[in-house]
Amino acid sequence: MVLTHTTNHTYTHPFPTVTLAFFLRYCSPQLNPFASHVLSTDTIASHLDGATGRLHTTRIHLKKSRLPPAIMKLLPASLTGGAADKASYILETSVVDMREGWMATESRNLNFVGVLSVVERQMYAMPRGARAFSAGDTTDVETKVVFRSRLGERIRGRLGGGGPVQAQTALVDAENGSGGGGFLKRLGARGIQRSIETLASTKTQDQLGKSREGMMIILERLRQTGIMGVLELRKMARERSLQPAA
Amino acid sequence: MSQSLAPECNELKERYDTCFLKWYSEKYLRGVGTTNNNECSTMFKEYNTCLHRALKERGIDKLLDDAREDNKDNDATLMGRKKCKTPQRPEH
(Lines give C-alpha, C1' and ligand atoms only; values in the text may rest on other atoms or scores of the structure.)
Protein backbone atom coordinates (compact mmCIF):
# COMPACT_ATOMS: atom_id res chain seq x y z
CA MET A 1 0.00 0.00 0.00
CA VAL A 2 1.48 3.26 -1.09
CA LEU A 3 0.13 6.79 -1.37
CA THR A 4 2.00 9.34 -3.44
CA HIS A 5 1.54 13.08 -3.46
CA THR A 6 3.32 15.43 -5.87
CA THR A 7 3.29 19.24 -5.93
CA ASN A 8 5.10 21.90 -7.90
CA HIS A 9 5.92 25.38 -6.78
CA THR A 10 7.95 28.33 -8.01
CA TYR A 11 9.72 30.61 -5.55
CA THR A 12 10.22 34.17 -6.70
CA HIS A 13 13.74 34.14 -5.34
CA PRO A 14 17.03 33.20 -6.97
CA PHE A 15 18.23 29.62 -6.69
CA PRO A 16 21.27 30.24 -4.40
CA THR A 17 19.06 32.04 -1.86
CA VAL A 18 16.50 29.24 -1.91
CA THR A 19 19.17 26.64 -1.14
CA LEU A 20 20.42 28.80 1.73
CA ALA A 21 16.86 29.07 3.06
CA PHE A 22 16.61 25.29 2.90
CA PHE A 23 19.56 24.98 5.29
CA LEU A 24 18.18 27.77 7.47
CA ARG A 25 14.57 26.66 7.59
CA TYR A 26 14.73 25.13 11.06
CA CYS A 27 17.09 27.78 12.29
CA SER A 28 14.96 29.19 15.08
CA PRO A 29 11.27 29.71 15.81
CA GLN A 30 11.94 33.45 15.81
CA LEU A 31 13.05 33.23 12.23
CA ASN A 32 10.54 30.62 11.11
CA PRO A 33 7.37 30.47 13.21
CA PHE A 34 6.27 27.43 11.19
CA ALA A 35 9.12 25.35 12.55
CA SER A 36 8.00 25.19 16.16
CA HIS A 37 7.45 21.44 15.80
CA VAL A 38 11.16 20.96 15.12
CA LEU A 39 12.88 20.13 18.38
CA SER A 40 16.44 19.75 17.16
CA THR A 41 18.64 19.77 14.06
CA ASP A 42 22.08 18.21 13.71
CA THR A 43 24.51 17.78 10.85
CA ILE A 44 26.01 14.30 10.80
CA ALA A 45 27.90 14.52 7.51
CA SER A 46 29.04 17.26 5.17
CA HIS A 47 31.17 16.58 2.15
CA LEU A 48 32.18 18.71 -0.78
CA ASP A 49 33.05 16.67 -3.85
CA GLY A 50 36.02 18.48 -5.33
CA ALA A 51 35.56 16.90 -8.75
CA THR A 52 31.89 17.78 -9.26
CA GLY A 53 31.65 20.75 -6.88
CA ARG A 54 28.60 19.11 -5.31
CA LEU A 55 27.91 19.58 -1.64
CA HIS A 56 26.53 16.49 0.11
CA THR A 57 24.93 17.07 3.50
CA THR A 58 23.24 14.70 5.93
CA ARG A 59 21.22 16.03 8.85
CA ILE A 60 19.01 14.57 11.55
CA HIS A 61 15.96 16.51 12.71
CA LEU A 62 13.81 15.65 15.69
CA LYS A 63 10.21 16.61 15.06
CA LYS A 64 7.01 16.26 16.97
CA SER A 65 5.12 13.36 15.48
CA ARG A 66 2.82 13.77 12.55
CA LEU A 67 0.65 10.82 13.54
CA PRO A 68 -2.45 11.76 15.50
CA PRO A 69 -2.36 10.90 19.21
CA ALA A 70 -5.31 8.54 18.78
CA ILE A 71 -3.27 6.30 16.52
CA MET A 72 -0.16 6.55 18.64
CA LYS A 73 -2.12 5.38 21.67
CA LEU A 74 -3.25 2.23 19.91
CA LEU A 75 0.24 1.16 19.04
CA PRO A 76 2.34 -0.95 21.35
CA ALA A 77 5.07 0.84 23.24
CA SER A 78 7.77 -1.16 21.49
CA LEU A 79 6.78 0.45 18.20
CA THR A 80 6.43 3.98 19.44
CA GLY A 81 9.40 3.89 21.75
CA GLY A 82 7.11 4.19 24.75
CA ALA A 83 7.80 7.88 25.16
CA ALA A 84 4.92 10.05 26.27
CA ASP A 85 5.60 12.75 23.72
CA LYS A 86 6.09 10.94 20.46
CA ALA A 87 8.77 12.51 18.35
CA SER A 88 10.21 11.35 15.05
CA TYR A 89 13.80 11.34 13.98
CA ILE A 90 14.01 12.52 10.39
CA LEU A 91 17.02 11.77 8.22
CA GLU A 92 17.59 14.48 5.62
CA THR A 93 20.09 14.11 2.80
CA SER A 94 20.77 16.83 0.27
CA VAL A 95 23.01 17.40 -2.71
CA VAL A 96 23.60 20.90 -4.06
CA ASP A 97 25.17 21.44 -7.46
CA MET A 98 25.79 25.12 -7.99
CA ARG A 99 27.46 24.60 -11.34
CA GLU A 100 24.44 22.92 -12.85
CA GLY A 101 21.95 24.80 -10.71
CA TRP A 102 19.99 22.15 -8.85
CA MET A 103 19.51 20.77 -5.37
CA ALA A 104 18.06 17.32 -4.64
CA THR A 105 16.82 16.56 -1.13
CA GLU A 106 15.33 13.55 0.59
CA SER A 107 13.78 13.29 4.04
CA ARG A 108 12.60 10.11 5.69
CA ASN A 109 11.56 9.10 9.18
CA LEU A 110 13.96 6.88 11.09
CA ASN A 111 11.66 5.59 13.79
CA PHE A 112 8.07 4.30 13.54
CA VAL A 113 8.94 2.93 10.11
CA GLY A 114 7.02 -0.21 11.00
CA VAL A 115 3.90 1.95 11.35
CA LEU A 116 4.43 4.46 8.60
CA SER A 117 7.28 5.43 6.34
CA VAL A 118 7.19 8.91 4.84
CA VAL A 119 9.77 9.74 2.19
CA GLU A 120 9.80 13.26 0.83
CA ARG A 121 11.94 14.06 -2.18
CA GLN A 122 12.42 17.57 -3.51
CA MET A 123 14.14 18.84 -6.62
CA TYR A 124 14.98 22.52 -6.65
CA ALA A 125 16.22 23.88 -9.94
CA MET A 126 16.96 27.08 -11.74
CA PRO A 127 14.57 27.60 -14.59
CA ARG A 128 15.87 26.10 -17.81
CA GLY A 129 18.19 28.42 -19.65
CA ALA A 130 19.42 30.22 -16.53
CA ARG A 131 23.19 30.18 -16.18
CA ALA A 132 24.94 28.76 -13.15
CA PHE A 133 26.11 31.34 -10.59
CA SER A 134 24.01 34.01 -12.27
CA ALA A 135 21.01 34.92 -10.21
CA GLY A 136 17.86 34.15 -12.10
CA ASP A 137 14.77 35.49 -10.38
CA THR A 138 12.88 32.29 -9.77
CA THR A 139 13.43 28.74 -8.56
CA ASP A 140 11.25 25.76 -9.37
CA VAL A 141 10.68 23.00 -6.86
CA GLU A 142 8.97 19.66 -7.25
CA THR A 143 7.99 17.88 -4.05
CA LYS A 144 7.09 14.22 -4.06
CA VAL A 145 5.97 12.51 -0.87
CA VAL A 146 5.49 8.76 -0.63
CA PHE A 147 3.53 7.31 2.30
CA ARG A 148 3.69 3.67 3.09
CA SER A 149 2.33 1.77 6.04
CA ARG A 150 3.87 -1.62 6.54
CA LEU A 151 1.89 -2.62 9.59
CA GLY A 152 0.25 -5.67 8.06
CA GLU A 153 3.19 -6.63 5.93
CA ARG A 154 5.33 -6.82 9.00
CA ILE A 155 2.89 -9.13 10.67
CA ARG A 156 2.72 -11.32 7.59
CA GLY A 157 6.49 -11.26 7.42
CA ARG A 158 6.67 -12.66 10.90
CA LEU A 159 4.04 -15.32 10.40
CA GLY A 160 5.78 -16.35 7.24
CA GLY A 161 8.96 -16.75 9.26
CA GLY A 162 10.79 -14.00 7.42
CA GLY A 163 13.10 -11.69 9.35
CA PRO A 164 11.22 -11.07 12.60
CA VAL A 165 12.08 -8.02 14.64
CA GLN A 166 11.05 -7.17 18.14
CA ALA A 167 8.42 -4.71 17.01
CA GLN A 168 6.60 -7.30 14.95
CA THR A 169 6.42 -9.70 17.85
CA ALA A 170 5.08 -6.98 20.08
CA LEU A 171 2.44 -6.07 17.56
CA VAL A 172 1.21 -9.62 17.23
CA ASP A 173 1.28 -10.02 20.99
CA ALA A 174 -0.72 -6.86 21.34
CA GLU A 175 -3.29 -8.27 18.97
CA ASN A 176 -3.55 -11.59 20.70
CA GLY A 177 -3.58 -10.03 24.11
CA SER A 178 -6.62 -7.88 23.50
CA GLY A 179 -8.91 -10.91 23.03
CA GLY A 180 -11.44 -11.73 20.36
CA GLY A 181 -8.86 -11.65 17.60
CA GLY A 182 -7.57 -8.24 18.56
CA PHE A 183 -8.29 -4.74 17.40
CA LEU A 184 -5.93 -4.87 14.47
CA LYS A 185 -7.26 -8.16 13.22
CA ARG A 186 -10.87 -7.03 13.45
CA LEU A 187 -10.28 -3.93 11.42
CA GLY A 188 -7.99 -5.65 9.02
CA ALA A 189 -4.39 -4.72 8.46
CA ARG A 190 -5.07 -3.25 5.06
CA GLY A 191 -7.76 -0.97 6.37
CA ILE A 192 -5.46 0.26 9.07
CA GLN A 193 -2.59 0.78 6.67
CA ARG A 194 -4.86 2.80 4.44
CA SER A 195 -6.18 4.86 7.34
CA ILE A 196 -2.71 5.65 8.59
CA GLU A 197 -1.51 6.58 5.10
CA THR A 198 -4.54 8.78 4.45
CA LEU A 199 -4.32 10.52 7.82
CA ALA A 200 -0.63 11.16 7.38
CA SER A 201 -1.13 12.33 3.81
CA THR A 202 -3.81 14.83 4.84
CA LYS A 203 -1.65 16.13 7.66
CA THR A 204 1.33 16.37 5.34
CA GLN A 205 -0.55 18.41 2.79
CA ASP A 206 -1.31 20.93 5.54
CA GLN A 207 2.30 20.74 6.62
CA LEU A 208 3.63 21.29 3.09
CA GLY A 209 1.77 24.59 2.91
CA LYS A 210 3.25 25.63 6.24
CA SER A 211 6.71 24.51 5.25
CA ARG A 212 6.46 26.66 2.11
CA GLU A 213 5.29 29.65 4.15
CA GLY A 214 8.24 29.12 6.47
CA MET A 215 10.62 29.11 3.52
CA MET A 216 9.06 32.34 2.24
CA ILE A 217 9.55 34.09 5.58
CA ILE A 218 13.23 33.13 5.58
CA LEU A 219 13.61 34.15 1.95
CA GLU A 220 12.09 37.55 2.69
CA ARG A 221 14.37 37.98 5.68
CA LEU A 222 17.39 37.09 3.54
CA ARG A 223 16.27 39.60 0.94
CA GLN A 224 15.97 42.33 3.58
CA THR A 225 18.97 41.71 5.80
CA GLY A 226 21.19 39.19 4.01
CA ILE A 227 22.81 36.22 5.70
CA MET A 228 24.65 38.33 8.27
CA GLY A 229 21.35 39.79 9.43
CA VAL A 230 19.90 36.32 9.76
CA LEU A 231 22.92 35.08 11.71
CA GLU A 232 22.65 38.08 14.02
CA LEU A 233 18.96 37.46 14.63
CA ARG A 234 19.65 33.83 15.35
CA LYS A 235 22.35 34.74 17.84
CA MET A 236 20.05 37.15 19.63
CA ALA A 237 17.25 34.60 19.77
CA ARG A 238 19.62 32.04 21.18
CA GLU A 239 20.99 34.34 23.86
CA ARG A 240 17.48 35.22 24.89
CA SER A 241 16.54 31.55 25.19
CA LEU A 242 19.62 30.88 27.30
CA GLN A 243 18.73 33.54 29.86
CA PRO A 244 17.31 31.90 32.97
CA ALA A 245 13.63 32.57 33.54
CA ALA A 246 13.22 35.29 36.13
CA MET B 1 20.12 26.72 13.97
CA SER B 2 17.86 25.16 16.44
CA GLN B 3 19.20 23.11 19.31
CA SER B 4 21.25 19.98 19.02
CA LEU B 5 19.47 16.80 20.07
CA ALA B 6 22.24 16.56 22.65
CA PRO B 7 22.27 19.74 24.77
CA GLU B 8 25.91 19.11 25.70
CA CYS B 9 26.83 19.57 22.01
CA ASN B 10 25.00 22.88 21.58
CA GLU B 11 28.07 25.09 21.87
CA LEU B 12 30.06 23.07 19.34
CA LYS B 13 27.09 22.85 17.00
CA GLU B 14 26.58 26.61 17.14
CA ARG B 15 30.19 27.27 16.20
CA TYR B 16 30.10 24.82 13.33
CA ASP B 17 26.72 26.03 12.00
CA THR B 18 27.88 29.64 11.96
CA CYS B 19 31.08 28.67 10.14
CA PHE B 20 29.16 26.53 7.63
CA LEU B 21 26.53 29.17 6.89
CA LYS B 22 29.19 31.81 6.32
CA TRP B 23 31.23 29.55 4.06
CA TYR B 24 28.11 28.43 2.20
CA SER B 25 26.67 31.88 1.57
CA GLU B 26 29.88 33.82 1.05
CA LYS B 27 31.96 31.27 -0.83
CA TYR B 28 30.13 28.24 -2.12
CA LEU B 29 27.12 30.11 -3.51
CA ARG B 30 29.43 32.57 -5.21
CA GLY B 31 31.44 29.90 -6.90
CA VAL B 32 34.49 30.51 -4.72
CA GLY B 33 35.90 27.55 -2.83
CA THR B 34 33.93 24.86 -4.60
CA THR B 35 36.79 22.43 -4.27
CA ASN B 36 37.12 22.30 -0.49
CA ASN B 37 35.32 23.36 2.66
CA ASN B 38 38.20 22.69 5.01
CA GLU B 39 37.80 25.90 6.94
CA CYS B 40 34.99 24.43 9.06
CA SER B 41 36.37 20.92 9.27
CA THR B 42 38.03 21.25 12.68
CA MET B 43 34.80 22.57 14.18
CA PHE B 44 32.85 19.83 12.46
CA LYS B 45 35.16 17.19 13.90
CA GLU B 46 34.73 18.46 17.45
CA TYR B 47 30.98 18.77 17.08
CA ASN B 48 30.68 15.32 15.55
CA THR B 49 32.73 13.63 18.24
CA CYS B 50 30.25 15.01 20.75
CA LEU B 51 27.24 14.17 18.60
CA HIS B 52 28.28 10.61 17.84
CA ARG B 53 28.45 9.83 21.52
CA ALA B 54 24.89 11.12 21.88
CA LEU B 55 23.63 9.22 18.84
CA LYS B 56 25.02 6.02 20.28
CA GLU B 57 23.54 6.63 23.72
CA ARG B 58 20.11 7.22 22.23
CA GLY B 59 20.29 4.27 19.87
CA ILE B 60 20.01 6.54 16.83
CA ASP B 61 23.13 5.07 15.26
CA LYS B 62 21.20 1.79 15.05
CA LEU B 63 18.23 3.53 13.44
CA LEU B 64 20.62 4.97 10.86
CA ASP B 65 21.99 1.52 10.06
CA ASP B 66 18.45 0.18 9.70
CA ALA B 67 17.55 3.06 7.39
CA ARG B 68 20.51 2.34 5.16
CA GLU B 69 19.44 -1.30 4.93
CA ASP B 70 15.81 -0.38 4.35
CA ASN B 71 16.64 2.19 1.70
CA LYS B 72 17.73 -0.44 -0.75
CA ASP B 73 14.42 -2.35 -0.55
CA ASN B 74 12.26 0.74 -0.19
CA ASP B 75 13.65 2.57 -3.16
CA ALA B 76 13.28 -0.44 -5.38
CA THR B 77 9.65 -1.04 -4.41
CA LEU B 78 8.45 2.48 -3.72
CA MET B 79 9.89 4.22 -6.69
CA GLY B 80 9.76 1.32 -9.09
CA ARG B 81 13.30 2.12 -10.12
CA LYS B 82 16.74 2.04 -8.67
CA LYS B 83 17.92 5.03 -6.71
CA CYS B 84 20.23 7.27 -8.68
CA LYS B 85 23.53 7.58 -6.93
CA THR B 86 24.21 10.92 -8.52
CA PRO B 87 20.98 12.79 -9.07
CA GLN B 88 20.61 14.31 -12.47
CA ARG B 89 18.85 17.52 -13.24
CA PRO B 90 15.30 16.63 -14.21
CA GLU B 91 14.14 17.24 -17.74
CA HIS B 92 11.38 19.80 -17.89
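Placing a label point 7 Å from the Cα of residue A:142 along the Cα-to-Cβ direction, the residues of segment A:97-124 whose backbone N falls under 11 Å of that point are A:122-124. Treating r as the C-beta distance of residue A:239 and residue A:194 and R0 as 45 Å, the FRET efficiency rounds to 0.40.
Working note: Karplus 6.51/-1.76/1.60 with θ = phi - 60° gives segment A:143-150 the couplings 10, 10, 10, 10, 10, 8, 9, 10 Hz, where Gly and Pro are set to x. Taking amide H as placed 1.01 Å from N in the peptide plane, the amide H of residue B:3 sits under 5 Å from that of A:41, each at least 5 places away or on another chain.
Going by accessible surface with a 1.4 Å probe and the largest first, A:92, B:14 read B:14, A:92.
So for A:42, A:137, what's the accessible-area order with a 1.4 Å probe, most first? Show your work: numbers first, answer last.
On the way: A:42 0, A:137 120 Å².
The ordering from most to least exposed comes out as A:137, A:42.
Here r is the Cβ-Cβ distance between residue B:45 and residue A:223 and R0 is 30 Å; the resulting FRET efficiency, rounded to 0.05, is 0.30.
Taking 30 Å as the cut-off for C-alpha to C-alpha distance, list the pairs among A:64/B:56; A:203/B:22; A:86/B:62 that go past it.
Numbers: A:64/B:56 21 Å; A:203/B:22 35 Å; A:86/B:62 18 Å.
In this structure, A:203/B:22 exceed 30 Å between Cα atoms.
For residue B:19, the solvent-accessible surface with a 1.4 Å probe is about 20 Å², rounded to the nearest 10.
Of A:18, A:113, the order by accessible heavy-atom surface (1.4 Å probe, DNA, RNA and ligands excluded), from most exposed downward, is A:113, A:18.
Leaving out ligands, DNA and RNA, calculate the buried accessible area for the pair B and A with a 1.4 Å probe, summed over both sides, in Å² to the nearest 100. Walk me through the numbers on the way to the answer.
Values: alone 7860 and 13310 Å², together 16410 Å².
Buried: approximately 4800 Å² between A and B.
The values are calculated or read from the model by the stated rules, or taken from the named source; none is laboratory data. Small disclaimer: the values here were computed from a predicted structure and weren't measured. Please note: Cβ atoms are built from the backbone with ideal geometry, for glycine as well, and neighbour counts cover all protein chains shown. Protein only, heavy atoms only, side chains kept; ligands, DNA and RNA dropped before computing areas. Shrake-Rupley method; radii C 1.70, N 1.55, O 1.52, S 1.80 Å.
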